[in-house]
Structures are given as C-alpha cells and as structure tokens.
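The values are calculated or read from the model by the stated rules, or taken from the named source; none is laboratory data. The structure presented is a predicted model; accordingly, all values stated were derived computationally and were not measured. Don't worry about glycine lacking a Cβ; one is built from the backbone with ideal geometry, like all the others, and counts go over all protein chains shown.
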Amino acid sequence: MTYALRKVGLLILTLWAAITLNFVLPRLMPGSPADAAVAKLSQNGPVTAATRKAIEIQLGVPNGNLIEQYGQYLKQVVTLHFGVSYTFYPQPVAELVGQALPYTLILVGLVTIIAFVCGTLLGVLAAWKRGTWLDSLPTLGGSFASAFPYFWTALLLLFFLGYVFKIFPTSGAYGVTNVPGFNGDFLGSAVNHAILPAITILITSLGGWILGMRNTMISTLGDDYVTFAEANGLKPRTVAIRYAARNAILPNLTSFGLALGGVVGGSVLVETVFGYPGIGYLLLKAVTNQDYPLMQALFLMITVSVLLANFLVDILYGVLDPRTRK
Amino acid sequence: MTITETTQDAPATSPDILLSVRDLSVVYEPRGAEPTSAVENVSFDLRRGEFVGLVGESGSGKSTLGFALTRLAKPPARISNGRILFDGKDIASIDAEALREQRQGGFAMVLQSGMNALNPVRSIRHHFFDVFKAHGHVPHDRREERARELIGKVELPAATLDRFPGELSGGMRQRVSIALALSLEPQLMVFDEPTTALDVLVQHAVMNTIRELQKAENFTAVLISHDLGIVLEATERVLVMHEGVIVEDGPSSEILNAPTAEYTKMLLSHYADPRAEVVSLPGFEDRRLRQAAGEARSAAAAPEHAPTVVTRSVSVAQESIVVSHVSKTYPPPRRGEQPVRAVRDVSFTLEPGQSLALVGQSGSGKSTIAKMITGVEKPSEGSITFGGLDVAKLGRGKLRDLHRNVQMVFQDPYAALNPLHTVEYTLMRPVVNFTGLKGQDARRRVLELLETVGLTPVEQFAAKLPHQLSGGQGQRVVIARALACDPQVIIADEPVSMLDVSLRAGVLALLEDLREKWG
C-alpha cells in the first residue's frame, strides 16, 4: 500500500512539474501569438492599433503579473479551458482535442495493446519451442516485417488493398455520408476505416515484442527455479507460463509503458499517411499553422499521457513483482 | 553397510534395490564444438533407505550424474548409453509425461543453488500448491495443512508460507526447496551440493535437517558434494568420482581409513579436518590468507554475532586503510520493524602488504564492511580512510581513484562475470579504463594477467565466455580482473566458499602468491 501511495505522490509531483514547464516554456520564447497574427495580416496592408487590440482581446492576451498568470493558467488546465484554436477558429481547443482523442485512443491504443499481447505470447511460444519452426517463423518474420520503414509498409498496403483491390478505404475515419454517433452504419464504417492503419502498426511493432519476450524468456528458462520446477514434475504449461514467462515479462513491461505513453503523441506518422483525424493529425496541423493554443494543449496532453502510462506500469510492476514493493 | 555388487552387467532385480544404474554414459554435445564425455559407463545400485555420498571435484561429472539420475539432463548434455532402473522401471528412455508423473512418489532433486531455485514472484505457499496441483496427490482442502506440515519438517515457521523467496535468507530458501522436494513424497532424493552456497553455521544446520529427515522419512538419499568432510559425516556409503568414472565405492568408514584408489587418497590429503584448524587458529604467522576458510569454520565452533576482526602484520609500505568506529544501519525491512544494524562500531587498521582476515557467520556484517571499504556503501557512522582519502566522502571521480587502488573479488564467480562478454573483454575494460593502455598493449596486458592467475593457454581462455569456465577458473578470472589496475588492496569476499577443496587450495595459494609478489 505504501508503495502505491509513494507512486501516487511521485505522479502528482511530476504532473505538476510538467504542467509548470508547459507554462514557463512558451513564455521564454520571443514574440507573442498576437505578433504572429499581426505579422500575417500586415502582408495584406498596414495594421491599425485598433485591429491589433482586437486581435489581442480575441486571443486572450494574459494580464496581471507572472504569478497571477500562473494561477489563471492552472485554473484553465483544471477546467480544461485551453482557449480558441487559430486554425479552426472559433472552435475551442478542448472541443477539437475531444473530437480527435477517441480515434487515436481506440485505434493506436488498442493496437498497441494487441501488439504487446500477441507479440508476448508469440515470444513465449518461440522461446518454449526453441529451435522449431514455432521459433524461427515468428522470430524471422517479425524482425523482417519490423525492419521496413513504417511509412513504406503503410504505402504498400494503401496501394494494394486500397487502390488496386479497393478492399479498404484509403483515408479518413468514417465514410463521408456517415454521421458520427452510436449507430451500426457509422461503427461499421469506422472499423472498416481503421483496419489498414491498424494492420500497419501491428506489422511494424509486433516483431519487437516477439524478439524482446523471446530473449528474456530464454534467459529465464535457464534459471534454477525453472529446472527445480521441472524436477518437481510441474506441468510443462505451469513451468512455461507461471515460472518462466511470468518472470520474463517483467523487463518487457517497462517498454510497454513507454509504448503506451507514446500512443497519444507517437501516432503522427500513421494518422498523416492515412488521413486519420486523430491527435497526431491534429498536432501536425497545429504545428504547421503555428496554432499555439492547440499545440500547448496537445503537448500537455502528450506529457500527461506518458506520465499516466508509466504510473500504471509502475503500479502493475508492484503487483507483479514482490521485490519492488519494499 | 555392505558394498553392493556393481560389476555384474545385468541390473539387480532384488526388491531391496531401489535404483540400479548400468553402463550409464552422458556426453555434452555443445553446438560447434567437440562432444565431451562427462560420465562414462557408470554402474551402481542403491538399496532402499540408503544414504550415499557422491564425491568428486568440480568437473568430475558428479552433478551431471545426479542430473541424469533424476532425468534432468538438458541439452547439450545427453544420456548416450545405459539404463537407469528405478524401482524396476527403466527411466532412461520413458517419455516426458510419464517421467513427469513418475516424479511424485519417485525421485526428487535439491539443487546446489537453493537461493535461486525458487520463483522470485511466487509466494512459498504457491510453490507448494503448484506441486500439489501438478500431481493431484494432495486433496484441495488438505493443501494448506500439508504445506504447513512440510514447512514444519524443515524447521521453518508456518508464516514462511506467506513470504516471497526474496524475503528469505539463503539457508531458509534451501530449506524451502528441501520441503518442496519432500512434498513429492519421493523414494529417492538427490541433493546436489545442498549446502555449498551457504555459510558454515547454516551449512551445518541444513545438513542436520537433511540427515534427520532421511532417517525419519526413510527415503534413499544421494548427497553430491565436493566436500569429503560433509559427505563422510552424513553418509554410510561413498562413491568417489573422477573424470566421469566411479573410482571407488565403499562404506564411509573404509573410505576414510583405508582408501584404495589413488584419487581418493589425494582427496583425503586435501581434506583437513575442520576441527584441527580451529586448534591452529592462533598460528596465523605462516598460514596467512589460506586460513580464511578454516577460520570461517572456527566461527562455527564459537559463534559470535559481532563481526570478529583478526589482524596480522607482515611488511611493505605505501598507504594503509584505517577503519575507525564504523557502523552501518539499514532501514527496517518492513514497516514497524527495527532497523537492521549490520555493523556496529568496528575499528581496525590494514597496513600495506598485510593481509587481513575478516571472519564471522553470515549476517555478521563481513560483506557490509567490504562494501564500505570499496565505497559501494556509505557508513552510517565513523570513517574509513585510505591514505589521505575519506572513502565515505568521495565523489564519483574520486571513487574512480579509489577503485584504481582498492579492488574486490566477489563470492560467486558466476554472478560476478557478465555472461555475455568473453574473458578478454571482461579483463580489457579495467585495463583500458585504469591503466590507459590501448590496442595491442592492452591485449598483451590481458594475456599477462591470465598467465599471472594461471589460466593457460592464455589465448584459449581469453576467447571463452563465463559459462564455459568452471567455478575455479571463473574465480581466477575475477581475481585477474581485480589485478588489472594494479591495486594496492584486494578485498576478497568469501572467494572460495563456492569452490571445492583442491580448487580452494589453488585459489588461496594464488592469492597468497600474488600478495607476496606485489604486496
């Protein structure tokens, strides 16, 4: 219990640090969003002081000293008021993020978990049946598939399954005629649109999990407790899963935590190639359009999700490994 | 106490015989290397209820034989020939599932490294339940009761069942693994060096438990050990093994008093009665470091909880280590318990060129002192100075200087060497880091070091990986690594406790030579 409490304390501390950094860093940058907007407008002719004032009011230029600003900022973070996006003006940032998040979480999150589970199981099997085809096929296949650059695999799949055979749609998250909502049509279309990006992520990430698990498992198979379990005549399944795999999975959990944390931020490439309206796509737009409120909210969210994922893995570690609880 | 007839070729069929081994050979067939024969045409019989010792040095094939008897030999080892009749059934050739079922009520094994024989993420209770579940020989509602009974048999409290292996000491873990083996209700138990990794006092207690259990449960037992003393004390009959062959088989008393094989005589001459060394304890002057092993035994005779420090001076001069009023307190292991005071107000001075023995039973704080001298741990109170340096206050950079001069040799050579690196790489690191030699010069130095510790041909050893070395060779590599940066002080933490008698003598003699040569 103390272990969990300590981890919660650590999480709160790091969250606070991340949120504060997110406040400090933009203020260290030269210029202001209003300057950028004025600069843009001035290309079409001179900008009057009144226009400038109007822009500043629109964007919400911070008032008060730094500490007051900080208080305001914290309040905004807690109430999820991140202001208005420039790119999609006048939509609030929170709304944009709220629309994009489910797509990313479900697509990338689910696929990351599936890849981890499948890869780990295949790795266990490969190590347990070392030297047979059950070992060589997933090991070689996995490393072969993951050796391709991500976008190349994506383009191949798009070309063949999308354009040539027209099995799957080539972009978007749902058909143009569908209205988002909980109805069969929309959900069917959404799943259909998610399959290609999902397969691509799966293909490129599975190999890593297989190899990681296989290698740690082979080293635990040589451990004395496995030999002793065999000497005691435990069933091979028990030995493989509860003794060897159970210990081998521990180091892999750390990489799983990192992968989970990267779900929100690391999906830029997937979503760009497939025109998938998730967080990564939004982030790309925010960066290319210098959409500061949107960027700030997204960066904050990426940081928080990395911290949360690592917190979850830490807690999981505590449950799975009695040695860390001390 | 009769010698069983072992020369006949037909397996013994008398109901009195539990295990009958005929012409058993085991070969190691590592990939890409020549196969080597570890056990050659071994034949013997074990009677029911007999307690037999299997003695030999490391590499003699005794553990391989033990693993073969319980059908635990794994590739690259392979039973190439012969029969093992267990209770009339040939177990050398039965399939995996039949073998697995045979383990309950059949044969069990206790491994050398009982510390690592338990699954670190499984509670002791579940270890027992796993065995019960695998064989179904204990009904579900009697599991808890039976587990408590078994844990009681090895003299551990029932609360041990709630613990995880990491929370138990080495001796306790070895007891748990004996209880687990016992839970199979075996007719034959093979103990492979059950006490080697334990310190002397615990060793003694665990051996007593084994002996009492053997009498009470009346299973047939095979005790594999390099330690002739332990074997002679515990068993009624001894098989002596040398280079894969059983060279002598006879009652313990005969082996002790009238050995016939040359090899047995040699073993006996290396084996000195531990009690004799207690008597000669004050005569340090000529026995020096060799004494370390013997002194550890003396602690068994006069157990003391405080670390005992024995100092003895020889000669030479450079810089000395002064340990003054040092204490080390660890935070309590669980909430609400007392903090652990590992070392309490210890002071001594180690002069240059002198060797000093630190003696005490496990848990007395010996290793903690060693760790503090090398700067791995910081003392809670007091100070340790080396020359003008206060070890406890050194920063990272200064610690590097300290390590140039103070090096450590660890207890377990297997654990102290990175299994993924060759001997050459392992030795190259300190050579490059501390002496500034590069390329060919560094390589020459590595080979020189190997020669210094007597690992020849050096080229061949340089290319080996740790698992290809025996325990003694491994320990020599560890010593060579400690020597790599020309240290002024070498701290050897139980350098020989994992090794057998003649290797022990070899390593200690080596340390002594090195000390005389280099101060």
Any idea which of (1) of a type in the set (Asp, Glu); (2) in contact with a helix residue (DSSP H, G or I) (Cβ under 7 Å, 6 or more places away or on another chain); (3) not assigned by TED's automatic domain parsing to the domain that holds residue B:243 is the one residue B:57 doesn't satisfy? (3)
Residue B:368 passes all but one of the listed conditions (1) modelled with pLDDT of 70 or more; (2) assigned to a loop (DSSP other than H, G, I, E, B); (3) crowded, with 19+ Cβ neighbours inside 10 Å; the exception is number (2)
Anything in the stretch B:175-231 that is of a type in the set (Val, Ile, Thr) and in contact with a Lys or Arg (Cβ under 7 Å, 6 or more places away or on another chain)? List them, or say none. B:200, B:206, B:209, B:220, B:224
Would it be correct to say that residue B:19 is crowded, with 23+ Cβ neighbours inside 10 Å, more than 22 Å from residue B:196 (Cβ to Cβ) and outside the structural domain of residue B:244 (by TED's automatic domain parsing)? yes
Scanning for something in contact with a Lys or Arg (Cβ under 9 Å, 6 or more places away or on another chain) and at pLDDT below 70, does the stretch B:408-421 turn up at least one residue? yes
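Can you say whether residue B:130 is within 10 Å of chain A (Cβ to nearest Cβ), farther than 25 Å from residue B:215 by Cβ and not in a loop (DSSP other than H, G, I, E, B), as far as the supplied structure shows?
yes
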Given the criterion buried (at least 18 other Cβ atoms within 10 Å of the Cβ) and either in the same structural domain as residue A:111 (by TED's automatic domain parsing) or within 30 Å of residue A:75 (Cβ to Cβ) (or both), identify the matching residue among A:319, A:268, A:287, A:313. A:313
If you check B:181, B:159, B:117, B:147, which single one turns out to be more than 26 Å from the chain's Cα centre (by Cα) and buried (at least 21 other Cβ atoms within 10 Å of the Cβ)? B:147
Looking at (1) surrounded by fewer than 16 Cβ atoms within 10 Å (Cβ to Cβ); (2) over 19 Å from residue A:103 (Cβ atoms), find the lone condition where residue A:188 falls short. (2)
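For the condition in contact with a helix residue (DSSP H, G or I) (Cβ under 9 Å, 6 or more places away or on another chain), among the β-branched types (Val, Ile, Thr) and at pLDDT below 85, what is the one hit in A:273, A:264?
Going through A:273, A:264 in turn, the sole match is A:264.
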Can you name the helices (runs of 4 or more DSSP H) wholly within the stretch A:23-103 that have at least 1 residues being closer than 25 Å to residue A:263 by Cα? A:66-78
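Per-residue answers, yes or no, for (1) modelled with pLDDT under 75; (2) part of a loop (DSSP other than H, G, I, E, B):
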{"site": "B:430", "(1), (2)": "no, no"}
{"site": "B:434", "(1), (2)": "no, no"}
{"site": "B:442", "(1), (2)": "no, no"}
{"site": "B:446", "(1), (2)": "no, no"}
{"site": "B:455", "(1), (2)": "yes, yes"}
{"site": "B:472", "(1), (2)": "yes, no"}
{"site": "B:514", "(1), (2)": "yes, no"}
{"site": "B:517", "(1), (2)": "yes, no"}
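Only one residue in A:276, A:243 is aromatic (Phe, Trp, Tyr), in a helix (DSSP H, G or I) and buried (at least 21 other Cβ atoms within 10 Å of the Cβ). Which one? Step through it out loud before you land on a result.
Numbers: A:276 fails: in a helix (DSSP H, G or I).
The conditions single out A:243.
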In the stretch B:92-110, residues that are more than 13 Å from residue B:72 (Cβ to Cβ) and more than 8 Å from every other protein chain (Cβ to nearest Cβ) total 6
Looking for something out of contact with any Asp or Glu (no Cβ under 6 Å at 6 or more places or on another chain), within 14 Å of chain B (Cβ to nearest Cβ), modelled with pLDDT of 90 or more and surrounded by 20 or more Cβ atoms within 10 Å (Cβ to Cβ) - is there at least one such residue anywhere in the stretch A:195-211? no
Answer yes or no: is there a residue in the stretch B:69-91 that is hydrophobic (A, V, I, L, M, F, W, C), within 11 Å of chain A (Cβ to nearest Cβ) and free of Cβ contacts under 8 Å to residues at least 12 places away in the same chain. no
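One line per residue, one yes/no per condition, for (1) farther than 30 Å from residue A:171 by Cβ; (2) within 26 Å of the chain's Cα centre (by Cα); (3) surrounded by 13 or more Cβ atoms within 10 Å (Cβ to Cβ):
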residue: A:15; (1), (2), (3): yes, yes, yes
residue: A:20; (1), (2), (3): yes, yes, yes
residue: A:26; (1), (2), (3): yes, yes, yes
residue: A:67; (1), (2), (3): yes, no, no
residue: A:81; (1), (2), (3): yes, yes, yes
residue: A:85; (1), (2), (3): no, yes, yes
residue: A:88; (1), (2), (3): no, yes, yes
residue: A:92; (1), (2), (3): no, yes, yes
residue: A:106; (1), (2), (3): no, yes, yes
Whether any residue in the stretch B:135-147 is under 24 Å from residue A:325 (Cα atoms), in a helix (DSSP H, G or I) and away from chain A (no Cβ under 14 Å) is what I want to check. no
Selection within the stretch A:220-237 - among the hydroxyl-bearing types (Ser, Thr, Tyr) and facing chain B (nearest Cβ under 9 Å): A:225, A:227
If you go through A:245, A:259, the only one that is within 14 Å of another protein chain (Cβ to nearest Cβ) and either of a type in the set (Phe, Trp, Tyr) or in contact (Cβ under 8 Å) with a residue 24 or more places away in the chain (or both) is A:245
Of B:58, B:93, which residue is touching a Gly at 6+ places or on another chain (Cβ under 8 Å) and polar (S, T, N, Q)? B:58
With respect to residue A:250, determine if the residue is in contact (Cβ under 8 Å) with a residue 40 or more places away in the chain, in the same structural domain as residue A:119 (by TED's automatic domain parsing) and of a type in the set (A, V, I, L, M, F, W, C). yes
Mind checking whether some residue in the stretch B:45-58 is of a type outside the set (Asp, Glu), assigned to a loop (DSSP other than H, G, I, E, B) and crowded, with 22+ Cβ neighbours inside 10 Å? yes
Every listed condition ((1) surrounded by 21 or more Cβ atoms within 10 Å (Cβ to Cβ); (2) part of a loop (DSSP other than H, G, I, E, B); (3) in contact with an Asp or Glu (Cβ under 9 Å, 6 or more places away or on another chain)) holds for residue B:67 save (2)
Kindly establish whether residue A:303 is within 14 Å of chain B (Cβ to nearest Cβ), among the β-branched types (Val, Ile, Thr) and assigned to a helix (DSSP H, G or I). no
